[in-house]
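Heads up, the thing below is written out as structure tokens.
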Amino acid sequence: IWVQPVFIDAMTITLTLLDLRFFAHHGWYEEETRQGQTFLVNAWISYPEPTTNITELSTTIDYTEIHSILVDQMNRPRKLLEELTQSILDEIRSRFTQVNHIKLQIEKLAPPVPGFNGRLGITLERRY
């Protein structure tokens, strides 16, 4: 006898902001902080689906507010991408307590590493 599976977890909405480019002055080396460079940012922010239909912006997360957090944080020079990603996740979670999962990826598109031809970066993921 086949039995319909029962899912206990609530449905989830994931807001995505992908391929955002920022020129910023993050980096350990003086050259990076002085000259700046282009960073690529991808963010996935998940939260439980409300029990009622979403017909108003007030019942969801406004992606322009997430973008605003990213702009603000990217404009604050940091030595390490780890510190930057932690600060961004902390800010998102403090403003949107309904968030239960965040994944944030930040890449340097042209890192100042001799002989390196590619991108490098960090991905931080937290579940709440």
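The values are calculated or read from the model by the stated rules, or taken from the named source; none is laboratory data. Please read these numbers as outputs of a predicted model, since none were measured by experiment. Cβ: placed from backbone, ideal geometry, glycine included. Neighbour counts: every protein chain shown. Surface areas here come from the heavy atoms of the whole protein model, side chains and all, with no ligands, DNA or RNA. Shrake-Rupley method; radii C 1.70, N 1.55, O 1.52, S 1.80 Å.
Output wanted: per-residue J couplings in Hz (rounded whole) for region 90-106, from phi through Karplus 6.51 cos²θ - 1.76 cosθ + 1.60, θ = phi - 60°, x for Gly and Pro.
4, 5, 4, 5, 5, 8, 10, 5, 6, 5, 10, 7, 9, 10, 10, 10, 10
Let me spell out the model: positive unit charges on the Cβ of Lys and Arg, negative unit charges on the Cβ of Asp and Glu, origin at the Cα centre of region 46-128. What dipole size does that give, in debye rounded to 20? Please list the in-between numbers first.
Details: 10 positive and 11 negative charges, 79 e Å.
Using only the charged Cβ atoms, the result is roughly 380 debye.
In a Gaussian network model over the chain where Cα atoms closer than 10 Å are linked, find which of ILE102, ILE88, ILE54 has the largest mean-square fluctuation.
Answer for the Gaussian network model of the chain: ILE54.
Given contacts defined as C-alpha pairs under 8 Å and at least six residues apart, what's the relative contact order of region 1-114, whole-number percent?
Values: 157 pairs, mean separation 38.2, N = 114.
Answer for region 1-114 is 34 percent.
Once amide H atoms are placed 1.01 Å from N in the peptide plane, what residues at a sequence separation of 5 or more from GLY121, or on another chain, have their amide H within under 5 Å of its amide H?
LYS108
When Rg/Rh (Cα atoms, Kirkwood Rh) is calculated directly from the model, which label among (i) 0.96; (ii) 1.10; (iii) 0.99 fits?
(ii)
Using a simple spin-label model with points 7 Å from Cα along the Cα→Cβ vector, what separation in nm is obtained for THR55 and LEU120?
A separation of 5.3 nm, rounded to one decimal place.
Name the residue, out of SER68, SER58, SER87, whose mean-square fluctuation peaks in a Gaussian network model built on the chain with Cα pairs under 10 Å.
The residue with the greatest mean-square fluctuation here is SER58.
If you roll a 1.4 Å probe over region 42-121 with all protein chains in place, what percent of the accessible area is carbon or sulfur? Walk me through the numbers before you get to the answer.
Numbers: 2140 of 4530 Å².
Using a 1.4 Å probe with all protein chains present, region 42-121 comes out at 47 percent carbon and sulfur.
How large is ³J(HN,Hα), in whole Hz, for each residue of region 69-85 in order, when computed from phi with the Karplus curve 6.51 cos²θ - 1.76 cosθ + 1.60 and θ = phi - 60°, using x for Gly and Pro?
Running phi through 6.51 cos²θ - 1.76 cosθ + 1.60 with θ = phi - 60° gives 4, 4, 4, 4, 5, 5, 7, 10, x, 10, 6, 10, 5, 4, 5, 4, 5 Hz.
Per the helix-only calculation at 222 nm, which mean residue ellipticity applies to the chain, given -39500 (n - 2.57) for every DSSP H run of n ≥ 4 and division by its residues, nearest 500 deg cm²/dmol?
On the way: 3 runs with 33 residues, N = 128.
Helices in the chain give a 222 nm mean residue ellipticity of -8000 deg cm²/dmol.
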